[in-house]
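Participant: First, the structure itself, so that you have it in front of you.
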Amino acid sequence: MNMPELVYWTSVESPVGPLLLTADPDGALTSLSVPGQKGGRTVQDGWLQDPGPFRAAEEQLAAYFAAELKEFRLPLRARGTEFRERVWDALDALPYGATTTYGEIAARIGASRPAVRAVGGAIGANPLLILRPCHRVIGADGSLTGYAGGIERKTRLLALEGVLPMPPS
C-alpha cells in the first residue's frame, strides 16, 4: 500500500484574496490556488500547515503585488501529462507585462492549429496560478477569456503588470 505523499500548505493574504500554497517535502511549490477557483485545491486531511517552506514564495509574492518583482525564482513542481508540461513551460517563458494568445502558445510548442482547444485545457489546468502566468493568455481578438481564478482576478493581475488600466477597488 502506498503512503500518501506528504503535502505542506500555508495561506497568504494578497490583493486578489487569500492564496493557498502547497509544497512537496523538498519545498518545491506544487500549487497556488484562490478561493472559488475552478479546479483549485482545498486543504485536505493529513496535510501539514507549516509556513516554513513558503517564506521565499511569500516574499516574492509580496514583491510582485507591490510591483517590485517581475520574475519569480521559486522551485515549482507541478505534474501533468507531457503535453500539459510543454504548455506550462511555454507559460513560464511569458515575460511580465506581455500577453499572448492560445494559438501563439500552440504554435510555440509545435502543436497543430486544431490543438488550440487542448492548449486551452492545459492552461486551465495550471495548478500554479500567478506563479505560472496563465493570466497573460488572452483571446485572439484581445478579449479576456477564461481564467480559473475568475476574470476579475485576471483583470487585476494584468492591470498590476501594466497591460490594462487598474480597475476601481
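Participant: Give the carbon-plus-sulfur fraction of the accessible surface of the chain in %, rounded to a whole number; probe 1.4 Å, heavy atoms of protein chains only.
Facilitator: Carbon plus sulfur share of accessible area: 52 percent.
Participant: Enumerate by residue number the GluC sites (Glu not before Pro) in segment 41-82 meeting two conditions: DSSP loop (anything except H, G, I, E, B), and at most 14 other Cβ atoms within 10 Å of the site's Cβ.
Facilitator: GLU68, GLU71
Participant: Quick check: the distance between the Cα centres of segment 104-154 and segment 60-85, to the nearest angstrom?
Facilitator: One Cα centre to the other: 15 Å.
Participant: Between ASP45 and TYR96, with labels modelled 7 Å along Cα→Cβ, what's the label distance in nm to one decimal, could you check?
Facilitator: Spacing of the two 7 Å Cα→Cβ label points: 4.3 nm.
Participant: Could I ask something else about it? As a test, work out the antiparallel percent of DSSP beta bridges whose residues both lie in segment 1-148, rounded to the nearest 5.
Facilitator: 60 percent
Participant: Taking amide H positions as placed in the peptide plane 1.01 Å from N, state which residues far from ILE138 in sequence (5 or more) or on other chains have amide H under 5 Å from it.
Facilitator: For ILE138, whose amide H was placed from the backbone, the distant partners under 5 Å are THR100, THR101, TYR102.
Participant: Using the crude model of +1 on Lys and Arg Cβ and -1 on Asp and Glu Cβ, and no other charge, please compute the dipole size for the chain relative to its Cα centre, in debye to 20.
Facilitator: 540 debye
Participant: Extension gain GLU68-SER112, at 0.36 nm per residue separation less the Cα-Cα distance, in nm?
Facilitator: 12.1 nm
Participant: Compactness ratio of segment 88-128: Cα Rg over 2.2 N^0.38 Å, N = residue count?
Facilitator: 1.09
Participant: Dividing the alpha-carbon radius of gyration of the chain by 2.2 N^0.38 Å (N being the number of residues), what value is obtained?
Facilitator: Relative to the 2.2 N^0.38 Å estimate, the chain comes out at 1.03.
The values are calculated or read from the model by the stated rules, or taken from the named source; none is laboratory data. Just so we're clear, the structure is a prediction, and the values are computed from it rather than from any experiment. Note that each Cβ is placed from the backbone with ideal geometry, even for glycine, and that neighbours are counted across all protein chains shown. For the accessible areas, the whole protein counts, side chains as well, though only heavy atoms, and no ligand, DNA or RNA atoms are used. Shrake-Rupley method; radii C 1.70, N 1.55, O 1.52, S 1.80 Å.
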